[in-house]
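Working notes, beginning with the structure itself.
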Amino acid sequence: MSNQAVNGLDNRPVANRTGKVKGSSNVSISKYVSYAFLLILCVIWIIPVIFGISTSFRSQTEVVSSGFRLFPETWVFENYVTILNNTSTAPILRWLGNSLFIATTHTILVVIVISITGFGYTRINFKGRDTLFFTLLGISFFPGVVNLIPSYKIIDSLGWVNTSWAMIIPGLAGMGNIFLVRQFMNGIPKELDESAKVDGASDFRIFAQIILPLVKPILIVCGLFSFTGSWNDFLWPVIVYTDVDKMPVTAGLLLLQDIYGNYRMIGQLMGSAILAIVPTLLLFIFAQKYFVQSINLNSGIKG
C-alpha cells in the first residue's frame, strides 16, 4: 500500500465502538438547537394570531369581562354575521373585492413591465445603460414617504383620487423587482440569443419565446411580492381614498376603528382583520415553493 493511501486512511474520521463518527454529535446538537430556536420563533409568532382569531369568535360579554384566555369559553359567530350584514357604513365584502381587483391588476402589469425592462437592461445595448440602471437603483433606496406629497399631486392632477388607478399605476416599475429580473436574465447564456438571431428571430421573438419561459420562476416570485405589497399597503390608500365604497380593505380597516373601535366591539374589529388576511395567507400557503426557488436566482436555467 502506498504512503498516500496510508495517509488517506489516517485522515479519515475515527469511528467509536458504537459505529458513530466523532464529530457527528456536534452536528446533531447544532441541528437540535436550530430546530428549538425556530420552534420558539414559531410559537412567538403564532400565539398572537391564534388569540386574534379566537377573539373574533368571542361574545361581547366575554371580551369585556374575561382576561387573557387563548380560546373562548363559547364559540359564537355573531361577530362575523354583524360584519357581513353591514353593507352601508362598513361594506367589508366590497372592500375585499376592491382590494382583489387592485392587487390582481397591479400584479399583472408589474410582471409585464419588469420583464420587458429587465430584457432591455440585459439584452439591448444602448449608451449609458448601466449608468442609468444603477442611478435609478440608488434613487430607489430613498424612503417612499419622501415622495408622498409629489405623488399625491400627480394623482390629483390626473383625476385619479378615489379611483383604482391611484393604487394600480404607482410602483409598477419597482427597482427591486427589476434588479431581481435583471440578475436572473444575466444568468441566461447569450449564445441562445445569438443562435436565434442567426435563424432570423427578432428581439421580440427572442424575448417572448426564449427569455420569458426561462425567467418564469422569478417573475412568479416578483408577482407574489407585488400582490401582497399592494394588498397590504396602508398609508397610500388612506391618503388617496375618501369614498367608502371605493376603498380597499386596508383603508377600510382604519375606518372600522371608528365604527368598531370601542372596547365593546373588539370582536367585530378582529373579525374584519381576520377576513382581510385570509387571501394573502392562502396565497403564501399555495405558492411557498416559488419562494424557495427565488433563493437561487439562476434556478430557471438548466445546465
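Values computed for the structure shown
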quantity: Chymotrypsin sites (Phe, Trp or Tyr not before Pro) within region 83-160, DSSP loop, no more than 13 other Cβ atoms inside 10 Å; calculated: PHE126, PHE141
quantity: Angstrom value of the Kirkwood radius, inverse mean 1/r, which spans all Cα pairs in region 21-80; calculated: 14.3
quantity: Total charge dipole magnitude, region 23-149, about the Cα centre, Cβ charges on Lys, Arg, Asp, Glu only, Debye to nearest 20; calculated: 500
quantity: Gained length - LEU70 relative to THR135, 0.36 nm times residue gap less alpha-carbon distance; calculated: 18.3 nm
quantity: For region 155-278, with +1 on Lys and Arg beta carbons and -1 on Asp and Glu, the positive-most of ALA196, THR250, MET167 along the dipole; calculated: THR250
quantity: For region 81-293: relative contact order, % (alpha-carbon pairs under 8 angstrom, 6 or more apart); calculated: 35
quantity: Which of SER202, SER115 has the fewest Cβ neighbours within 10 Å, and the rest in rising order; calculated: SER202, SER115
quantity: Sparse-neighbourhood loop sites, GluC sites (Glu not before Pro) in region 61-94 - DSSP loop, at most 12 other Cβ within 10 angstrom; calculated: GLU73
quantity: Projected area averaged over orientations for region 81-293, convex hull of C-alpha atoms, nm²; calculated: 14.6
quantity: Magnitude of the charge dipole, region 205-281, Cβ model with Lys/Arg +1 and Asp/Glu -1, debye to 20; calculated: 340
quantity: Charged-residue dipole, Cβ positions (Lys, Arg, Asp, Glu), region 81-293 about Cα centre, Debye nearest 20; calculated: 180
quantity: Ranked list, fewest to most other Cβ atoms within 10 Å of each Cβ, for CYS222, CYS42; calculated: CYS42, CYS222
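Each reported figure results from applying straightforward, stated rules to the coordinates on display, with no laboratory input. The model shown is predicted, which means the values in this text are computed figures rather than measured ones. FYI the Cβ positions are ideal-geometry reconstructions off the backbone, even for glycines, and counts take in every protein chain you see.
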